Amino acid sequence: MIRLKAPQWTVFRSDARFRILVAGRRFGKTYLALTELCQAAWKPGRLVWYVGPTYKQAKRIAWKPLKEMTRPYWARQPNETDLRIELITGGTIGLRGADNYDSLRGDGLDFLVLDEYASIARQAWPEVLRPALADKQGRALFIGTPRGYDHFYDLYQKAQSQAHWATFQFTTEEGGNVSGDELKSATHELDERTYRQEFQASFENLTAGLVYYAFDRTRNVEPLRYNPRSPLFWSLDFNVNPMCSVIGQREGDNVYVLDELALPDSNTWAACEAFLGRIGRWSSLSPYTTHIQVYGDATGQGRHTAASRTDWQIVRDFFKRYPYRVSFHLASSNPPVKDRVNCVNAMLHNQAGERRLRIDSGAKQLILDFERVHWKCDLNGNTLADIDKSDPQRSHVSDALGYMIAQEFGMRGKYGEMRGLLQ
């Protein structure tokens, strides 16, 4: 039995030919989409499509639940290669990916769902999918969570003044699938803008201008003192010039950056030597100084800067010479840049109003990164989801810190797919 909640019913009952649903994570967008597909395909000769950003995403997100929903009504076994289900009523439901949208030309459609429309190529709708609806006067449902002021935002704004279009906007809370406790937990894990985008379905400009927009020199910077009751962490970025790293301590959900290293034209072994020199001032204060937690750039496991040894092999070999208890906390691969940045912004200032990242005033390069690093733009001035590294002095110290924060405070996917977004 198919059961829709009140906000889903509002969208389902609309008789507008083209509908746009902007909703927060875990609202129930995909379930609504599959329900709409089943209804649209129920009559003989009907052809309806679910289109995701890529073929793999469409299959991963919708194929299994669609088969479960339609199983009693199969005319024959679903086509696992073409991702097609033929119903006993004579209608057909197909799953498609927009990663090669030119291949979608040719079929006339009665109904179409475009899921996560912000991640679908801008040209796919006007050039290929809209014409596919023309001969049958087919209908379309666009669904997704915002991703800044992009083509999804443009379509949403334009639709509000066009005939035959209807727009809907609901928060995660209104969807009723995520508990209040989970949403409260998310306010501590995400910065304000990301929370509004992902859970309140707000169009936010997360990629314009400053990368670390949550940083405030008057609130995130203060003189810090080494805590003899906590171990040190060291997090590295393996850029050669400068080679950068940060030294700090983690206490519960708070991170304190005590110092930084920005070494011109250096190498990994020299960075290790410089690190030991910096922490020497604390070595007599507590036995905890001998416990060092190491984080950093996962690409260092494949990058060679000396003979045939990788950067991380050099770090491991270095510490074997000294009586330190070193633990390595390395991911198998680096997170998407946008995800890492989101984690840092959430530590600088989250939706709950907390600032859980403090930087000592002596970490001058890190402070400059937070105040000056921008997103890269293309030739037309459009903001990209990559950091502008045109200034060789900028971004490397903040990258080093970001690896540690993403490793320890990264989103774990419990609220649904959180894009990397970046993206």
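Taking the condition open to solvent by less than 20 Å² (accessible area, probe 1.4 Å) and over 21 Å from residue 231 (Cα atoms), does residue 345 pass?
yes
Does the range 63-78 contain at least one residue that is part of a strand (DSSP E or B) and modelled with pLDDT of 95 or more?
yes
Of all residues in the range 66-99, count the ones that are open to solvent by less than 50 Å² (accessible area, probe 1.4 Å) and hydroxyl-bearing (Ser, Thr, Tyr).
Looking only at that region, the number is 3.
Within the range 389-423, track down each residue that is at pLDDT below 90 and in contact with a strand residue (DSSP E or B) (Cβ under 6 Å, 6 or more places away or on another chain).
422, 423
Can you confirm whether the range 363-375 contains a residue that is within 21 Å of the chain's Cα centre (by Cα), more than 24 Å from residue 266 (Cβ to Cβ) and open to solvent by 50 Å² or more (accessible area, probe 1.4 Å)?
Yes, because at least one residue in the range 363-375 is within 21 Å of the chain's Cα centre (by Cα), more than 24 Å from residue 266 (Cβ to Cβ) and open to solvent by 50 Å² or more (accessible area, probe 1.4 Å).
Filter the range 1-29 for residues that are touching a Lys or Arg at 6+ places or on another chain (Cβ under 7 Å) and assigned to a loop (DSSP other than H, G, I, E, B); which is surrounded by the most Cβ atoms within 10 Å (Cβ to Cβ)?
Across the range 1-29, the extreme among qualifying residues is 28.
Assuming residue 45 fulfils every condition listed in (1) on the phi > 0 side of the Ramachandran plot; (2) surrounded by fewer than 16 Cβ atoms within 10 Å (Cβ to Cβ); (3) touching a helix residue (DSSP H, G or I) at 6+ places or on another chain (Cβ under 7 Å) apart from one, which condition is it?
It is condition (3) that residue 45 fails.
If you scan the range 30-62, which residues turn out to be in a helix (DSSP H, G or I) and farther than 17 Å from residue 143 by Cβ?
Scanning the range 30-62 gives 55, 56, 59.
Is the range 201-218 home to any residue that is assigned to a loop (DSSP other than H, G, I, E, B), closer than 23 Å to residue 256 by Cβ, touching a Phe, Trp or Tyr at 6+ places or on another chain (Cβ under 7 Å) and aliphatic (A, V, I, L, M)?
Yes, that holds for at least one residue.
Enumerate the strands (runs of 3 or more DSSP E) found wholly within the range 352-398, keeping only those where 3 or more residues are closer than 29 Å to residue 251 by Cβ.
Per the criteria, 357-359.
Taking strands (runs of 3 or more DSSP E) that fall entirely within the range 100-179, which contain at least 2 residues that are crowded, with 21+ Cβ neighbours inside 10 Å?
Answer list for the range 100-179: 111-115, 139-144.
What are the pairs, 6+ residues apart or on separate chains, where a residue within the range 302-327 that is open to solvent by 80 Å² or more (accessible area, probe 1.4 Å) has its Cβ under 8 Å from a residue that is modelled with pLDDT under 90 and assigned to a helix (DSSP H, G or I)?
Sorted first by the residue in the range 302-327, then by its partner, the pairs are 323/290; 325/290.
Does the range 223-231 contain at least one residue that is part of a helix (DSSP H, G or I) and either crowded, with 16+ Cβ neighbours inside 10 Å or not small (Gly, Ala, Ser) (or both)?
The answer is no, given that none of the residues of the range 223-231 is part of a helix (DSSP H, G or I) and either crowded, with 16+ Cβ neighbours inside 10 Å or not small (Gly, Ala, Ser) (or both).
With respect to residue 187, is the statement that it is polar (S, T, N, Q) and in a helix (DSSP H, G or I) true?
yes
Residue 54 - would you say it is polar (S, T, N, Q) and either over 28 Å from residue 102 (Cβ atoms) or open to solvent by 60 Å² or more (accessible area, probe 1.4 Å) (or both)?
Criteria not met by residue 54.
If you go through the range 254-273 one residue at a time, do you hit one that is in contact (Cβ under 8 Å) with a residue 24 or more places away in the chain, open to solvent by 50 Å² or more (accessible area, probe 1.4 Å), touching a Phe, Trp or Tyr at 6+ places or on another chain (Cβ under 7 Å) and under 24 Å from residue 323 (Cβ atoms)?
yes
Enumerate the strands (runs of 3 or more DSSP E) found wholly within the range 276-345, keeping only those where 3 or more residues are at pLDDT 85 or above.
Because the criterion is at least 3 residues that are at pLDDT 85 or above, the strands (runs of 3 or more DSSP E) in the range 276-345 that meet it are 291-296, 325-328.
The values are calculated or read from the model by the stated rules, or taken from the named source; none is laboratory data. Because the structure is a prediction, the values reported are computed rather than measured. Positions of Cβ are generated from backbone atoms using ideal geometry, with glycine treated the same way; all protein chains shown enter the neighbour counts. Accessible surface is based on the protein model in full, side chains and every heavy atom, while ligands, DNA and RNA are left aside. Shrake-Rupley method; radii C 1.70, N 1.55, O 1.52, S 1.80 Å.
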